[in-house]
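Notes to accompany the following structure.
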Amino acid sequence: MATLRTIRKRITSVRNTRQITRAMKLVSAAKLRRAQDSVVSARPFAEKIGEVLGRIGVRVDVEAHPLLLQREVKRVEIVLVASDRGLCGGFNANILRKGEAFLLEREPKGIEVTVSVVGRKMREYFRRRKRELRRVVTDVRGAPDYKLASEIGTELIQRYLDGEVDEVYLLYSEFRSAISQRPTVKRVLPVARFQSAQPPVEEAGVDYAYEPSPQALLELLLPRYVNVQVHHALLESAASEEGARMTAMDSATNNASDMIDRLTLLYNRARQAAITKELVEIVSAAEAL
């Protein structure tokens, strides 16, 4: 009977766990819808500002703005964007693997890499490895706002302009679907890729009259472009986190159901064996009399 009691307690425990994972799945599904809407609504602006910069960038001198200049790469900063909480499958682990690969690719070459992180899980990981972090951002609850992204982007721009870093990268999870998130490394500084951008075929040989000047437009748009890219990375990461958590909790709920079925079968077999044993003892006692 002790075995039966143990199995019953385990079944009860797994059922309670299943209720929790099911509730977490529903909460993540609701958050995912909001986060996905935020990502989808932000993508057109991020794409359009890049398109505008591309059209201006191919028509101005390479030295029109310091954020377009490429320098010899000696110092690099990478900003890893992850989550404050766990229970989201391999979401954080994938970012960490990509980040470690980034460091191993550059540091052996003598490139100094500075690390900044968004999310408590990243902070804990690097602190355990005694790696100094330049900036840590945690407790980003709900949809990341543009104000936070602007603060991060402005600081990165200033460090680049001051010559403290020669390149700045963002590492985040690109949201594709609830079951697919891809770790992505994007260089945001220098914004040199616009130098090679090509205007549409129908605009070949066509120029514009700018008001204000192209330099003034770059002065306005380039910092905003960097801030938008940071904000977009935060939104993509938030949606990816909820998608990964919803998928992980769905798998946990299904696994709990399977475990309950197996334990119930085991319980029924143990109970049947106990009943059979009692019957055998009764029959044996009756025959002995």
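When the stretch 1-40 is examined, which residues are found to be farther than 28 Å from LEU234 by Cβ and of a type in the set (D, E, K, R)?
ARG5, ARG8, LYS9, ARG10, ARG15, ARG18, ARG22
Working only within the stretch 100-125, note down all residues that are surrounded by fewer than 18 Cβ atoms within 10 Å (Cβ to Cβ) and either of a type in the set (S, T, N, Q) or in a helix (DSSP H, G or I) (or both).
GLU100, ALA101, LEU103, LEU104, GLU105, ARG106, GLU107, PRO108, LYS109, THR114, GLU124
If I ask for residues that are within 30 Å of ARG33 (Cα to Cα) and without any contact (Cβ under 8 Å) to a residue 40 or more places away in the chain, which ones from the stretch 146-162 would you list? Quick ask: steps written out before the conclusion?
Narrowing the stretch 146-162 to residues within 30 Å of ARG33 (Cα to Cα): 146-154.
Within the stretch 146-162, LYS147, GLU151 qualify.
Would you point out the residue of the stretch 71-87, among those that are under 21 Å from the mean Cα position of the chain (by Cα) and among the charged types (D, E, K, R), that is farthest from HIS232 (Cα to Cα)?
Once the filter is applied, the top-ranked residue is ARG85.
Just to be sure, is GLU72 without any contact (Cβ under 8 Å) to a residue 60 or more places away in the chain, among the acidic types (Asp, Glu), assigned by TED's automatic domain parsing to the domain that holds PHE175 and not in a strand (DSSP E or B)?
Here the answer is no, as GLU72 does not meet what is asked.
Filtering the stretch 149-188 down to residues that are hydrophobic (A, V, I, L, M, F, W, C) and assigned to a loop (DSSP other than H, G, I, E, B), which residue is surrounded by the fewest Cβ atoms within 10 Å (Cβ to Cβ)?
Looking at the filtered set, the residue picked out is ILE179.
Would you confirm, using the coordinates I've provided, whether LEU235 is part of a helix (DSSP H, G or I) and touching a His at 6+ places or on another chain (Cβ under 7 Å)?
No, not satisfied.
Is the stretch 256-268 home to any residue that is part of a helix (DSSP H, G or I), closer than 30 Å to PRO183 by Cα and in contact with a Gly (Cβ under 9 Å, 6 or more places away or on another chain)? Let's see the steps before the verdict.
At the first step, the residues of the stretch 256-268 found to be part of a helix (DSSP H, G or I) are 256-268.
With the extra rule that they be closer than 30 Å to PRO183 by Cα, the set shrinks to 256.
Add one more test, that the residue is in contact with a Gly (Cβ under 9 Å, 6 or more places away or on another chain), and what stays is none.
No; the residues of the stretch 256-268 include none that is part of a helix (DSSP H, G or I), closer than 30 Å to PRO183 by Cα and in contact with a Gly (Cβ under 9 Å, 6 or more places away or on another chain).
Please find, within the stretch 44-103, the residue that is modelled with the lowest pLDDT out of those that are among the aromatic types (Phe, Trp, Tyr) and closer than 27 Å to VAL115 by Cβ.
Among those that are among the aromatic types (Phe, Trp, Tyr) and closer than 27 Å to VAL115 by Cβ, it is PHE91.
Going through VAL165, VAL140, VAL73, VAL115 one at a time, which residue ends up being in contact with a Gly (Cβ under 9 Å, 6 or more places away or on another chain) and farther than 30 Å from ASP37 by Cβ?
Sole residue among the options that is in contact with a Gly (Cβ under 9 Å, 6 or more places away or on another chain) and farther than 30 Å from ASP37 by Cβ: VAL115.
Counting only residues that are among the basic types (Lys, Arg) and buried (at least 17 other Cβ atoms within 10 Å of the Cβ), which one in the stretch 25-49 is farthest from the chain's Cα centre (by Cα)?
LYS25
Only one residue in ARG18, ARG34 is part of a helix (DSSP H, G or I), over 30 Å from ALA273 (Cα atoms) and of a type outside the set (A, V, I, L, M, F, W, C), so which one is that?
Just a single option satisfies the conditions, and that option is ARG34.
Please determine whether any residue of the stretch 89-99 is surrounded by 15 or more Cβ atoms within 10 Å (Cβ to Cβ), in contact (Cβ under 8 Å) with a residue 24 or more places away in the chain and over 14 Å from the mean Cα position of the chain (by Cα).
Looking through the stretch 89-99, none of the residues is surrounded by 15 or more Cβ atoms within 10 Å (Cβ to Cβ), in contact (Cβ under 8 Å) with a residue 24 or more places away in the chain and over 14 Å from the mean Cα position of the chain (by Cα).
The values are calculated or read from the model by the stated rules, or taken from the named source; none is laboratory data. Fair warning: this is a prediction, and the values are worked out from it, not measured in the lab. Please note: Cβ atoms are built from the backbone with ideal geometry, for glycine as well, and neighbour counts cover all protein chains shown.
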